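Read through the structure below, which is laid out as structure tokens, and then see the notes.
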Amino acid sequence: MQRLYPRDQYMERISWMKSARRPIAITSDIIVGFPGETEKEFEETLGLLDEIQYDGIFSFKYSQRPNTAALQLTDHIPEEEKSRRLTIVQEKQRAIQICQNAALIDTVEEFNVEGRHESLGLWTGRTSRNRTLNFSHAGPETPEQMIGKYVNVRVTRGGPNSLAGETVI
């Protein structure tokens, strides 16, 4: 895809991020089925997912866009193969996120309160690494008092896309 940097330079930057003083989220866009993408290159992408363990990805099948250099390429991947590759990438990333979120169970995390889901009786918020959390809170605060506030929450459950917990008093 005509990247302007080699893999080792990319991995060096990932290493810098992972060694930051506080945990940060690492996300990426993944496009599968780029014209000419070989099975070996696809396997390298899967290896990157395993090695980096992204906190999240935005994954897509390659599609032609007007006025792009790739539009002139002729070695297009069949739609069925692009779909197969995308499914594999998404399933692998889902497994990674399940493991990462499960590792947070019984930890206390600081969350920024974003709102309240009245029908479930739960508050919702995000960590500094953009993980979504739905949590119970026994206090009398109204949404106006809670939204924007930072609270400590003990994580009690982790799914592929969110966490659940309860506030720590």
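Quick look at the numbers
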read-out	value
Leading residue by the ranking (surrounded by the fewest Cβ atoms within 10 Å (Cβ to Cβ)) among those in region 41-76 that are within 22 Å of the chain's Cα centre (by Cα) and touching a residue at least 60 places away in the same chain (Cβ under 8 Å)	Gly56
Subset of region 32-77 [part of a loop (DSSP other than H, G, I, E, B) and of a type in the set (D, E, K, R)]	Glu37, Asp55, Arg65, Asp75
Residue list for region 87-110, restricted to those being free of Cβ contacts under 8 Å to residues at least 24 places away in the same chain and hydroxyl-bearing (Ser, Thr, Tyr)	Thr87
Residue match in region 161-168 (condition: open to solvent by 50 Å² or more (accessible area, probe 1.4 Å) and either closer than 29 Å to Tyr62 by Cα or of a type in the set (Lys, Arg) (or both))	yes
Residue count, region 1-31 (criterion: in a strand (DSSP E or B), open to solvent by 60 Å² or more (accessible area, probe 1.4 Å) and aliphatic (A, V, I, L, M))	1
Residue list for region 126-163, restricted to those being without any contact (Cβ under 8 Å) to a residue 40 or more places away in the chain, touching a strand residue (DSSP E or B) at 6+ places or on another chain (Cβ under 7 Å) and either more than 11 Å from Glu109 (Cα to Cα) or of a type in the set (Ser, Thr, Tyr) (or both)	Thr127, Thr132, Asn134, Phe135, Ser136, His137, Pro143, Met146, Ile147, Gly148, Lys149
Criterion violated by Ile98 - all others in (1) in a loop (DSSP other than H, G, I, E, B); (2) touching a Pro at 6+ places or on another chain (Cβ under 6 Å); (3) modelled with pLDDT of 95 or more satisfied	(1)
Among the residues listed as Val89, Val113, the single one being among the aliphatic types (A, V, I, L, M), assigned to a helix (DSSP H, G or I) and either on the phi > 0 side of the Ramachandran plot or open to solvent by less than 30 Å² (accessible area, probe 1.4 Å) (or both)	Val89
Odd one out for Phe34 among (1) exposed (fewer than 14 other Cβ atoms within 10 Å of the Cβ); (2) at pLDDT below 95	(1)
Hits in region 92-110 - residues which are open to solvent by 50 Å² or more (accessible area, probe 1.4 Å) and under 18 Å from Val168 (Cα atoms)	Ile105, Asp106, Val108, Glu110
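The values are calculated or read from the model by the stated rules, or taken from the named source; none is laboratory data. Everything numeric in this text was worked out from a predicted model, so none of it was measured. Note that each Cβ is placed from the backbone with ideal geometry, even for glycine, and that neighbours are counted across all protein chains shown. Each accessible area value is taken on the protein alone, full model and side chains, heavy atoms only, with ligands, DNA and RNA left out. Shrake-Rupley method; radii C 1.70, N 1.55, O 1.52, S 1.80 Å.
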